[in-house]
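Inspection log for the structure reproduced underneath, given as structure tokens.
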Amino acid sequence: MHWGKPMAVSIEPTTTCNLKCPQCPSGLRNFTRPTGSISLDENKLILNQLGPQLGYVNYYFQGEPFIHPEFLSLVKEARNRNIYVVTSTNAHFISPEKATEIVASGLNELIISIDGLDQEAYETYRINGKLEKVISGTKNIIEAKKQVAKSQLWVVFQFLVTSANEHQIDALYELANNLGVDEVRLKTIQIYDVEHENDLLPRNLNYSRYRKNKNGGFELKNKFKNKCWRMWSSVVFTWDGKVVPCCFDKDAEFQMGSVKQTDFDTIWKSAIYTDFRRKLQQHRQGISICTNCSEGSKVWV
């Protein structure tokens, strides 16, 4: 029996997205689970059931959070409970007015996806996206921070390394510094077809979570140790209240329950959750959502 509660959670604001990224279920519009947006009451329900030990909320799973019309109300609800709040965005909706609202909401960390330093490289992955909107959105949020003397908002550039942009990494750090971005994070791309070559994979495999195998395909660098800290310290909630074990379960294949039907304590300590943790400790590689996970390897998420 697992008696603790998660210290960190991800809560999905919405599955809707304005982009069509080729390795993203939201971008591909190919979910088998229901799509929609979380309500303010459902957000409160989750926070109430997690209790005062909850210290970290990532308001992101699939979709673009700022498409949710009341997204910053979700953020404020968590910040009012003194929870550290993070979100990830493609930055297409950060107008000067929205940037001011973001800073005022108390959001602690804003991750901005910038996956190329020219439009051609950027749209290789961020299909339908405009790099100029990412840059202007970043400038707006940095300017809004300057207007609030005690703002502690941490702004991150997240760079998904692909074959189209890997040569731009040095310039990325320079751009971040010039704009006033606080941190740069490089991220490895996830692919679903590992049996064949993928044009998105960087040529420098130091920037990849995969290596080539003897069959001509690719395999994770991960050694698949039968352990994962996430199963005992964190959890993910879909927009409609379903509990899934981690962020690699994008289509909610492994549903542990729903907080709209069962209280979270019961779900967290349930036989189905306990059995899932046991299977992970015995044969993690046999769990489908684990087969694309970089957890336990020395590469970026």
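Remarks
- Out of 211, 278, sole residue that is exposed (fewer than 14 other Cβ atoms within 10 Å of the Cβ), outside any loop (DSSP other than H, G, I, E, B) and in contact with an Asp or Glu (Cβ under 9 Å, 6 or more places away or on another chain): 211
- Against the numbered list (1) over 18 Å from the mean Cα position of the chain (by Cα); (2) within 20 Å of residue 242 (Cα to Cα), residue 10 comes up short only at (1).
- Answer residue from segment 115-134, given it is part of a loop (DSSP other than H, G, I, E, B) and open to solvent by 70 Å² or more (accessible area, probe 1.4 Å) and is nearest to residue 104 (Cα to Cα) among those: 130
- Check on residue 145, surrounded by fewer than 22 Cβ atoms within 10 Å (Cβ to Cβ) and either in contact with a Gly (Cβ under 7 Å, 6 or more places away or on another chain) or at pLDDT 95 or above (or both): yes
- The residues of segment 141-158 that are within 22 Å of the chain's Cα centre (by Cα) and not aliphatic (A, V, I, L, M), listed by number, are 152, 154, 157, 158.
- Residues of segment 172-206 satisfying the condition of being part of a loop (DSSP other than H, G, I, E, B) and among the hydrophobic types (A, V, I, L, M, F, W, C): 181, 189, 191, 194, 200, 201
- Of all the criteria given as (1) touching a residue at least 12 places away in the same chain (Cβ under 8 Å); (2) basic (Lys, Arg); (3) within 22 Å of residue 24 (Cα to Cα), the one not satisfied by residue 211 is (1).
- Helices (runs of 4 or more DSSP H) fully within segment 21-108 counting 3 or more residues that are open to solvent by 40 Å² or more (accessible area, probe 1.4 Å): 40-50, 71-79, 96-105
- Test result for residue 137, assigned to a loop (DSSP other than H, G, I, E, B), within 22 Å of residue 89 (Cα to Cα) and under 23 Å from the mean Cα position of the chain (by Cα): no
- Filtered by the rule that a residue be open to solvent by 50 Å² or more (accessible area, probe 1.4 Å), in a helix (DSSP H, G or I) and either out of contact with any strand residue (DSSP E or B) (no Cβ under 8 Å at 6 or more places or on another chain) or modelled with pLDDT under 95 (or both), segment 218-275 gives 232, 265, 271, 275.
- First in segment 38-49 and free of Cβ contacts under 8 Å to residues at least 24 places away in the same chain, second anywhere and open to solvent by 10 Å² or more (accessible area, probe 1.4 Å) and hydrophobic (A, V, I, L, M, F, W, C), Cβ under 6 Å, 6 or more apart: none
- A single member of 205, 153 is in contact with a Lys or Arg (Cβ under 8 Å, 6 or more places away or on another chain), open to solvent by less than 80 Å² (accessible area, probe 1.4 Å) and without any contact (Cβ under 8 Å) to a residue 40 or more places away in the chain, and it is 205.
The values are calculated or read from the model by the stated rules, or taken from the named source; none is laboratory data. Note that the coordinates shown come from a computational prediction; the quantities given were computed from them, not determined experimentally. Note that each Cβ is placed from the backbone with ideal geometry, even for glycine, and that neighbours are counted across all protein chains shown. Ligands, DNA and RNA are excluded from the accessible area calculation, which covers all protein heavy atoms including side chains. Shrake-Rupley method; radii C 1.70, N 1.55, O 1.52, S 1.80 Å.
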